[in-house]
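Heads up: the structure comes next, in structure tokens.
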Amino acid sequence: MQIDWSQVRVHLRSTVRLRWRHGVSIDPWWDHRVRSVNATLRAQSLWYFWAGRGRMKLRAGWQDLQPGSCVWLTPGWSYQTTQDPKDPLGMNLIQFDLIEPDGSVRSCDHNQPGELVKLPSASMVEQITSRIIELLMGAGLSEAWIVRDGPVRQVATALLTALLMDLDAATDTAPITAESGLAQHQFYLIKNILDERTVSPESFPSVTQIARQHGFSRGHFTRVFQKVTGLPPNEFFIRRRIDRACNLLRGSPLTISQIAEALGYQNVHFFSRQFKHRVGVTPVVFRKSGEPSADAHRVSE
């Protein structure tokens, strides 16, 4: 992780769910040339795009935006954004500060996750950001979208904290590199599948379905996938999800049931059995000890 989460807390500032106007490339509300208040961010901000096509100018240059794109933006930069006039952007926006133990706002000058976030699960991020917005809209927001104090805000802050920790932890995943003799187009195809697919066994297509969608036989797809990742497809995604569960159990206030739901499980008992099979202890025991048993399987290999 880039951030020491034991030393900071999240202060939720504002949040909104919106769809840009149809037929314009730059919505006047977000045009830095028209509305100077939006020209430079004054807090950290998480933007999840659930619809539309567009582009955003990050510090590293222009990046394409599409459903499933997520950016973690920091103060001091004018994030210019444009869209396809025929396919307007839809986004969940959450603005926040990270507060140091002394009460000061954490600086973003170092140890910060990258702006373009590689999501562990796009569906999970959409669900959690939508739930945060739904909670706060129910509690009542001012016209300036300022989040009011109260118990509902505490729940929303806990969800946001867990999500930010999970996104930060995703940056720790070692990059997958192409092996000698593997065709480049097959390598990048597998990488794209890893980026765009959810990991829920209830919603994730079967290996046969994925193979057919991309013009492979099941056997060939499995061999290529395993050559890239080192694991069969089903086992790879299960381990990815269990790995994220470990991060949430270590550092988030979410209950076991909430973690299971956030990761796409329909049944908390199935989640517990799958977790114990690969980690060696139940989620409850893991949370208490913070570590797997001595004879546990390695979650990420």
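Within segment 87-131, which trypsin sites (Lys or Arg not before Pro) sit in a loop by DSSP and count at most 14 neighbouring Cβ atoms inside 10 Å? Numbers along the way, then the final one.
Values: sites: Arg106, Lys118, Arg131; in loops: Arg106, Lys118.
In loop regions of segment 87-131 (DSSP not H, G, I, E or B), the sparsely surrounded trypsin sites (Lys or Arg not before Pro) are Lys118.
Each label point was placed 7 Å from the Cα along the Cα-to-Cβ direction; for His11 and Ser104 their separation is 1.3 nm.
Only protein heavy atoms count here; on that basis, with a 1.4 Å probe, Ser206 has an accessible area of about 50 Å². Legend: calculated FRET efficiency, Arg55 to His22, from the Cβ-Cβ distance at R0 = 22 Å, rounded to 0.05, equals 0.80. Against the criterion of solvent-accessible heavy-atom surface with a 1.4 angstrom probe, Asp64, Asp243, Asp168 sort, most first, into Asp64, Asp243, Asp168.
Using the beta-carbon distance between Ser217 and Gln127 and R0 = 35 Å, what value does 1/(1 + (r/R0)^6) give for FRET efficiency, to the nearest 0.05?
Efficiency computed from Cβ-Cβ geometry: 0.55.
Extension gain, Asp87 to Ser289, is 67.9 nm, computed as 0.36 nm per intervening residue step minus the present C-alpha separation. The distance from the alpha carbon centre of segment 228-248 to that of segment 41-101 is 28 Å, rounded to a whole number. Site pair Thr282 and Glu235 shows an inter-label distance of 2.7 nm when each label is modelled 7 Å from Cα along Cα→Cβ.
The values are calculated or read from the model by the stated rules, or taken from the named source; none is laboratory data. Predicted, not measured: the structure shown is a model, and the values here were computed from it. A quick note on method: Cβ atoms are made from the backbone with ideal geometry, for glycine too, and the neighbour counts reach across all protein chains shown. Surface accessibility is based on the protein's heavy atoms, side chains included, excluding ligands, DNA and RNA. Shrake-Rupley method; radii C 1.70, N 1.55, O 1.52, S 1.80 Å.
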